[in-house]
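Here is the structure we will look at, set down as structure tokens.
The values are calculated or read from the model by the stated rules, or taken from the named source; none is laboratory data. What you see is a predicted model; the values in this text were computed from it and never measured. Cβ sites come from the backbone with ideal geometry, for glycine too, and all protein chains shown count toward neighbours. For the accessible areas, the whole protein counts, side chains as well, though only heavy atoms, and no ligand, DNA or RNA atoms are used. Shrake-Rupley method; radii C 1.70, N 1.55, O 1.52, S 1.80 Å.
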Amino acid sequence: MPPSRSFRLNSSIALLLAVSQLISAAIVSWEPYLEGHRDSLQNFGNFNGRHIAKPGPGLHKSRPVVDVNGNTIPNYDVVYEFDQLIDHNNASRGTFKTRYYHTWEYYREGGPIILLTPGERPIDVPSDGSLSMTNTSISGAIAQATKGAVVMLEHRFYGESNPFPDLSVDSLKLHTISQALQDFVYFARNVKLAMPGGDGEGIRPHRSPWIFVGGSYAGALATFIMEQYACLTLIKCIPQSY
Ligand SMILES: *[C@@H]1O[C@H](CO)[C@@H](O)[C@H](O)[C@H]1NC(C)=O
Ligand SMILES: *[C@@H]1O[C@H](CO)[C@@H](O)[C@H](O)[C@H]1NC(C)=O
């Protein structure tokens, strides 16, 4: 059964919002997660056809970061590591460490995982992650509105997420869109997140919605993921333009 999809493209503000309805053994739609919360997304561009403004300049950095129960959780700048396959076409080539930021400030069990990548720059440039994880970012705002968690994953070959210690021609043969897309899918299927329940099956893409958010190159990745892996992974995509 193919996934049903709907696209909204508003080129005048260069914002592409693409939400796919995805199919798996269990169908999990992310729309219900937004019920009652649409207004809180009003400040972030064009959402579900409504014109809304850009995030303000003020960075909301709550430190210490607390979860929905008031418990202190790790700060936004804690770096986590994931063992990623070097070559998705040949798993026996082993793994390398990819870095990611993660917060579950707004997460409640069953909520979605908002996955983003800065694309072609390190996760810690220009900031410590808080720019993309608090509710002053669209990823954080979606997390707050949907009771979701946020993960910002470094793209292979950028920052410190290097499959190889060099940038030789042979190494760069694995710097492809296809490998990058599979990185996100493999991550969603295998990562053990630090948040409560983050090491269980409940967060896997066949059980919980994964919402992929990205701008520019990462926005293109979001579209490619939706096109190529939607029916496999339940990753849901919102390409974003900054
Ligand atoms: C897969 O990788 C292993 C380990 O590097 C290598 O020995 C093997 O030849 C590779 N297989 C293919 C089909 O390339
Ligand atoms: C972020 O969330 C806090 C409450 O946690 C709220 O006071 C603030 O207005 C929110 N900021 C934005 C930009 O939505």
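Quick look at the values:
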read-out	value
Distance cut-off 14 Å, percentage of C-alpha pairs in the stretch 112-179 lying past it	62 percent
Sites E81 and E227, calculated FRET efficiency, Cβ-Cβ separation with R0 30 Å, nearest 0.05	0.55
Fully extended contour minus Cα-Cα distance, from R189 to I177, at 0.36 nm per residue	2.5 nm
Listed peptides 110-117, 189-196, 209-216 by packing density, highest first (mean Cβ within 10 Å)	110-117, 209-216, 189-196
Accessible area of the stretch 64-232 belonging to carbon and sulfur atoms, whole % at 1.4 Å probe	51 percent
Order by protection proxy (mean Cβ within 10 Å, highest first), peptides 174-180, 146-152, 67-73	146-152, 174-180, 67-73
Theoretical gain in end-to-end length, V169 to S216 [0.36 nm per residue, Cα-Cα removed]	14.4 nm
Total formal charge among the other residues, if their Cβ is under 13 angstrom from that of N162, Lys/Arg +1 and Asp/Glu -1	-2
Cα-derived Rg over Rh, computed across the stretch 64-232 with Rh taken as Kirkwood radius	0.95
Proximal charge balance of Y107 [Cβ under 11 Å; K/R count +1, D/E count -1]	-1
Distant-in-sequence amide H partners of T95 (H built 1.01 Å from N, under 5 Å)	I86
